[in-house]
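Working notes for the structure below.
The values are calculated or read from the model by the stated rules, or taken from the named source; none is laboratory data. These numbers come from a predicted model, not from an experiment. Neighbour counts are summed over all protein chains in view; Cβ atoms, including those assigned to glycine, are modelled from backbone coordinates with ideal geometry.
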Amino acid sequence: MDRSVENIHLIMTKKSLEFNEKQLPEGYEFVAYESGMIDKWVDIQFSSKHILEKTEGELYFKEVFLQNEDLLKEFMVFVKDESGDLVGTGSIWEGKYFPEDKDKKYRLHWIGIDPKHGGKGLAKALVSKLLSIFKDKKMGEGLYLSTQTCSYVAIKIYLDFGFKPYDLENNKKGWNIVFDKINVR
């Protein structure tokens, strides 16, 4: 996450469940959430600069995710390296932006990769895994995600998976920042 870029909130939607699956590179594996992984989740979000204070992440996790820990075991995934360290995470979670739209009820949520493991395709494989879970569990025909301009590297990945900018007309400034950063028009 590039904190030097103006932080403007953006939403992306995906109407189709079609995508090209991506695999984790050798030496990495997916593991499901287990009770007590809050510290690992916070560490990943902190190292990837999604949160600026660990207490912010702990509070969010407790107020949102731990309200339904059983769902976490199904819908939160971690990436584990060959040393056994958790280096990435993401989830599918109920959203708040489209309460009346059953095809946008869920979102990809809090996807983060420890920067020490960046550039290896972990984020692509993680998005692919989450979309596969969503599709396999027949959770709907589409979903969305909430992001920000300073996550333009992740936005490029989301675009490659078929997510589209939502409400482009009213968010021109933010999308122009992103498109300039990733050289897309």
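Residue-wise test of (1) among the hydroxyl-bearing types (Ser, Thr, Tyr); (2) out of contact with any helix residue (DSSP H, G or I) (no Cβ under 9 Å at 6 or more places or on another chain); (3) surrounded by 20 or more Cβ atoms within 10 Å (Cβ to Cβ).
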position	(1), (2), (3)
Gly118	no, no, no
Leu126	no, yes, yes
Lys138	no, yes, no
Leu143	no, no, yes
Ser151	yes, no, yes
Lys156	no, no, no
Leu168	no, no, no
Lys181	no, no, no
Yes or no: Lys54 out of contact with any strand residue (DSSP E or B) (no Cβ under 9 Å at 6 or more places or on another chain) and exposed (fewer than 15 other Cβ atoms within 10 Å of the Cβ)? yes
Residue that is surrounded by the most Cβ atoms within 10 Å (Cβ to Cβ), among those in region 101-116 that are of a type in the set (D, E, K, R) and closer than 15 Å to Asp43 by Cβ: Asp114
The residue that is surrounded by the most Cβ atoms within 10 Å (Cβ to Cβ), considering only those in region 170-179 that are of a type outside the set (Gly, Ala, Ser) and in contact (Cβ under 8 Å) with a residue 24 or more places away in the chain, is Val178
Take the residues in region 1-24 that are farther than 22 Å from Met139 by Cα and surrounded by 12 or more Cβ atoms within 10 Å (Cβ to Cβ), then tell me which one is modelled with the lowest pLDDT. Met1
Within region 28-49, is even one residue modelled with pLDDT under 95 and buried (at least 20 other Cβ atoms within 10 Å of the Cβ)? yes
